[in-house]
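The values are calculated or read from the model by the stated rules, or taken from the named source; none is laboratory data. What you see is a predicted model; the values in this text were computed from it and never measured. A quick note on method: Cβ atoms are made from the backbone with ideal geometry, for glycine too, and the neighbour counts reach across all protein chains shown.
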Amino acid sequence: MGSTLIEKIIQHNTGIEKVTPGQIVTVDVDRVMIHDIFIPFAADKFKEMGFTKLWDPDKVVLIYDHMVPAAKVEDSRHFRIGDAFAAEQGMTHVHRTDGICHQLMTEMRYAKPGDIVFGTDSHTTTYGSVGCFSTGIGYTEMAGILGTGKLWIRVPETIRVVIDGKLPDNVMSKDIILRILGDLRADGATYRSLEFTGSAVKEMSVAARTTMSNMAVECGAKCGLFAPDEKTCEYSGVSMEEVSWLYGDEDAEYVKTLTYRAEDLVPVCACPSQVDNIKNISEVEGTPLDQVFIGSCTNGRLEDLATAAKILEGKKVAIRTIVTPASRQIYLDAVKAGYMSTLAKAGCIITTPGCGLCCGRSGGILTDGERVLATNNRNFLGRMGTNKVQIYLGSPASAAASAVTGRITMPEAAVRL
Amino acid sequence: MKEFTGKVWVLGDDIDTDIIIPTEYLALPTIDDMKQYGFYPLRPELPGLIQEGDIIVAGKNFGCGSSREQAPEIIKALKVSCVIAKSYARIFFRNSINNGLLLIENDQIQDAVKEGDTLTVRVGEALVAGDKEYPIASLPDNLMEILNAGGLVRAMQRRNGILKED
């Protein structure tokens, strides 16, 4: 019998000829990511465990993003502790203002096809877009890896998601993953791996795939994987020969297969306050909004900004519209392409790359009775302000179209780069 | 065999980590500073009412959402003896074991108890509510090793030879 993509990655890492779901194995970790919000705790636990030296400083990446720029007086404590730990341990991969961790990990090629990567953030599933097995862990487990370079994992079952055909012009990969979440529900893939495939997936950019891997965790998945192709290789700087082993076998055992015809998909949104409360945009069209947010590690990439710019070109936003690129590089690319100037002229508030609004710490917090349409990944109660804020999640195209009218609005065509 | 009895607090499905402890309180210096905000968006009164040894009974997908380890740490700091839910999110499950918080999976007890009832737990064997018993599974060996060591920190201390064996 063949192997699923996650099984192949684990077999490659451990040297075990054939792993089976449910088996517990210990893997050698290729890279880890720690972010600002948890570095003080990871550093503390590392010392408490009796470790003095990192297993390999080159494999450890420290990224400040949740607290950049600092919103509260106590935030800078995290930077001081992180800087001291990095200096003491001789770490060179430290990013203090470069963008959101999940964008930087693949953009900077820290996470590559076939790798096993763990991070202290739940959206670490994001690097599945390049065929990397990556998932979130807590800071105590991170401290254990920092000392040993190893972690036990349970080999997950795999759910195969096949999307064939051609997407309608106004449907983005965000709409697809939201539809999948609605079908699987918020716990439908718990402990499992999602493996995305099909002709529509092949047509997608790495950026579009990244949105889907990012949100795989919202149905409980351990990872959301795409087999690498030419686009992945170019993005990750590897050759096709190096990744030729990275695909799920036809005769592998999949616990379930979901099949979608791309032509049937429509723009959707997650309604308050669960990620799996999915409705077609047409069902909630006209709902008045107070704010729109376009950005985050889910949808703050160049084609997302290109889509927003195309829809907002020559128009004015009717409500507060906050735009947050996912990284400094994307920011610069968007400036060069003229998107930033279009968005600024339309009245958008453009912020520095970071997690601020998505995690409810800064940059557009909302209050009782307000509604926001946002392109990030969670609409949990109280996440972007008080517990009486209504958060809708949608694509950058839906968000931009709604910014113009001040109401939830059916989008026109998205831009595919 | 470990056995204990506690008062039940009932929560629903999909209790996420933003509910257990909202992001805005994560930068507070210690878990003790944070614990007063436990369950704040949903049940702000809970930290003041939960007594040592109480039990949380919840629905499916408990602990979904972020990787914040403060979530199980806060439940432990509130001196809750265990959580019984229909299912758990993956990261929360690992974090709880690593911090020595006992999690029990059961999908029947939710219909058998209401808030304020008392419930007896026989670890690895059964839940007892009134005159009815509900069987529960024990955890895999590798997880029991971490729990028995008192969490991952102590397991690593033992590995590194800095823990004096009792």
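Summary of values
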read-out: Number of the exception - residue A:382 against (1) of a type outside the set (A, V, I, L, M, F, W, C); (2) at pLDDT 95 or above; (3) assigned by TED's automatic domain parsing to the domain that holds residue A:276; value: (2)
read-out: All positions within region A:352-369 that are more than 12 Å from chain B (Cβ to nearest Cβ), surrounded by fewer than 24 Cβ atoms within 10 Å (Cβ to Cβ) and assigned to a loop (DSSP other than H, G, I, E, B); value: A:352, A:363, A:364, A:367, A:368, A:369
read-out: Filter result for residue A:74 (more than 13 Å from chain B (Cβ to nearest Cβ) and either surrounded by 17 or more Cβ atoms within 10 Å (Cβ to Cβ) or out of contact with any Pro (no Cβ under 7 Å at 6 or more places or on another chain) (or both)); value: no
read-out: Any hit, region A:118-137, residues being free of Cβ contacts under 8 Å to residues at least 40 places away in the same chain, crowded, with 24+ Cβ neighbours inside 10 Å and within 10 Å of another protein chain (Cβ to nearest Cβ); value: yes
read-out: Candidates A:347, A:360, filtered to the one that is on the phi > 0 side of the Ramachandran plot and at pLDDT 95 or above; value: A:347
read-out: Answer residue from region A:51-71, given it is of a type in the set (Val, Ile, Thr) and assigned to a loop (DSSP other than H, G, I, E, B) and is nearest to the other protein chains (Cβ to nearest Cβ) among those; value: A:52
read-out: Filter result (farther than 24 Å from residue A:247 by Cβ, modelled with pLDDT of 95 or more and at the interface with another protein chain (Cβ under 10 Å from one of its Cβ atoms)) within region A:140-162; value: A:140, A:141, A:142, A:143, A:144, A:147, A:148, A:151
read-out: Scan of region B:114-143 for residues that are free of Cβ contacts under 8 Å to residues at least 24 places away in the same chain and surrounded by fewer than 15 Cβ atoms within 10 Å (Cβ to Cβ), ordered by number; value: B:130, B:131, B:132, B:133, B:135, B:138, B:140, B:141, B:142
read-out: Complete set of residues in region A:396-417 that are among the hydroxyl-bearing types (Ser, Thr, Tyr) and outside any helix (DSSP H, G or I); value: A:409
read-out: Residue that is surrounded by fewer than 18 Cβ atoms within 10 Å (Cβ to Cβ) and not assigned by TED's automatic domain parsing to the domain that holds residue A:179, where the choices are A:273, A:282; value: A:282
read-out: So residue A:90, is it more than 9 Å from every other protein chain (Cβ to nearest Cβ) and in contact with a strand residue (DSSP E or B) (Cβ under 6 Å, 6 or more places away or on another chain); value: no
read-out: Region B:84-126, residues that are closer than 27 Å to residue A:218 by Cβ, assigned to a loop (DSSP other than H, G, I, E, B) and either more than 10 Å from the chain's Cα centre (by Cα) or more than 10 Å from chain A (Cβ to nearest Cβ) (or both); value: B:86, B:87, B:89, B:101, B:102, B:106, B:107
read-out: Residue B:146 being in contact (Cβ under 8 Å) with a residue 40 or more places away in the chain, over 23 Å from residue B:51 (Cα atoms) and within 14 Å of chain A (Cβ to nearest Cβ); value: yes
read-out: Test for residue A:96: is it touching a Phe, Trp or Tyr at 6+ places or on another chain (Cβ under 8 Å), more than 14 Å from every other protein chain (Cβ to nearest Cβ) and of a type outside the set (Ser, Thr, Tyr); value: yes
read-out: Checklist (1) in a loop (DSSP other than H, G, I, E, B); (2) within 10 Å of chain B (Cβ to nearest Cβ) applied to residue A:16, failing item; value: (2)
read-out: Leading residue by the ranking (farthest from the other protein chains (Cβ to nearest Cβ)) among those in region A:193-204 that are of a type in the set (D, E, K, R) and surrounded by fewer than 24 Cβ atoms within 10 Å (Cβ to Cβ); value: A:203
read-out: Any hit, region B:27-41, residues being more than 16 Å from residue B:88 (Cβ to Cβ), facing chain A (nearest Cβ under 10 Å), among the aliphatic types (A, V, I, L, M) and surrounded by 19 or more Cβ atoms within 10 Å (Cβ to Cβ); value: yes
read-out: Residue check, residue A:207 assigned to a helix (DSSP H, G or I), surrounded by 21 or more Cβ atoms within 10 Å (Cβ to Cβ) and more than 19 Å from the chain's Cα centre (by Cα); value: no
read-out: So residue B:141, is it of a type in the set (D, E, K, R) and more than 12 Å from every other protein chain (Cβ to nearest Cβ); value: no
